[in-house]
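What follows is a short report on a single structure.
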Amino acid sequence: MASNRFIKRYSAYYSGWCVAFGEHKAVYDEERDINWLHGESQVGFALAPKLKKVLVRELLGRHVDIPEITLADAYVKINDKCYELRTEDDAREFKRLKKFFEAPDDIYMFMTSHFCYPPGTKIITFSTKKPLVIMYKEIKPLRLIVA
């Protein structure tokens, strides 16, 4: 049975601004399109340059009123775009992500970065801790569907 919840989304006041992701473990390879990061109270996707523009637009752009992410067993769907999970790493990290979203806490989505990844790398971050209000403003929520 599918479950629904809303994620509170935040956008930086100025384009390009973001805080650091913080301490984490990662499944990271520069050849991959999506890399998985997870810390104590957050998970994230470090995006390859070819996906960064598309996914940032889909999740934080103004063209979609309330974006929607669907998590199914074999894929992630972001609005109309579908991405298959292709490796064992993806499957394992995806299970961790689904478990993270089962938490009863509010979840916040915002963009971060980290110095240990190539310049310009952006991380779509989901956290149980609200982002800094001096850096980010709340925008319309994101609908999360776990199929």
Requested in this report: Answer yes or no: is there a residue in region 28-48 that is free of Cβ contacts under 8 Å to residues at least 40 places away in the same chain and of a type in the set (A, V, I, L, M).
Outcome: yes
**Report entry** Qualifying positions in region 30-53 - modelled with pLDDT under 80 and either of a type in the set (Asp, Glu) or within 24 Å of residue 129 (Cα to Cα) (or both)
**Finding:** 30, 31, 33, 34, 47, 52
Report task. Could you list all residues from region 4-34 that are assigned to a strand (DSSP E or B) and in contact with a helix residue (DSSP H, G or I) (Cβ under 6 Å, 6 or more places away or on another chain)? Result -> 11, 27
Report summary line: If we ask which residues in region 1-29 are of a type in the set (Phe, Trp, Tyr) and modelled with pLDDT of 90 or more, their number turns out to be 4
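Conditions tested, residue by residue: (1) part of a helix (DSSP H, G or I); (2) farther than 18 Å from residue 20 by Cβ; (3) not polar (S, T, N, Q).
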| position | (1), (2), (3) |
| --- | --- |
| 36 | no, no, yes |
| 40 | no, no, yes |
| 52 | yes, no, yes |
| 55 | yes, yes, yes |
| 58 | yes, yes, yes |
| 66 | no, yes, yes |
| 77 | no, yes, yes |
Query raised in the report: When you go through 89, 106, 80 one by one, which is the residue that is of a type outside the set (A, V, I, L, M, F, W, C) and free of Cβ contacts under 8 Å to residues at least 24 places away in the same chain?
Result: 80
Query raised in the report: For region 80-131, which fully contained strands (runs of 3 or more DSSP E) count at least 2 residues that are exposed (fewer than 12 other Cβ atoms within 10 Å of the Cβ)?
Result: 81-84
Query - Condition check for residue 20: closer than 22 Å to residue 143 by Cβ, of a type in the set (Gly, Ala, Ser) and exposed (fewer than 14 other Cβ atoms within 10 Å of the Cβ) - result: no
Query raised in the report: What is the number of the single condition among (1) closer than 13 Å to residue 10 by Cα; (2) at pLDDT 85 or above; (3) out of contact with any strand residue (DSSP E or B) (no Cβ under 6 Å at 6 or more places or on another chain); (4) hydrophobic (A, V, I, L, M, F, W, C) that residue 56 does not meet?
Result: (2)
Query raised in the report: Are any of the residues in region 54-69 over 18 Å from residue 143 (Cα atoms), more than 14 Å from the chain's Cα centre (by Cα) and not hydrophobic (A, V, I, L, M, F, W, C)?
Result: no
Query raised in the report: Which condition number does residue 11 fail, the rest of (1) closer than 17 Å to residue 120 by Cβ; (2) of a type in the set (Ser, Thr, Tyr); (3) in contact (Cβ under 8 Å) with a residue 24 or more places away in the chain being met?
Result: (1)
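The values are calculated or read from the model by the stated rules, or taken from the named source; none is laboratory data. Note that the coordinates shown come from a computational prediction; the quantities given were computed from them, not determined experimentally. FYI the Cβ positions are ideal-geometry reconstructions off the backbone, even for glycines, and counts take in every protein chain you see.
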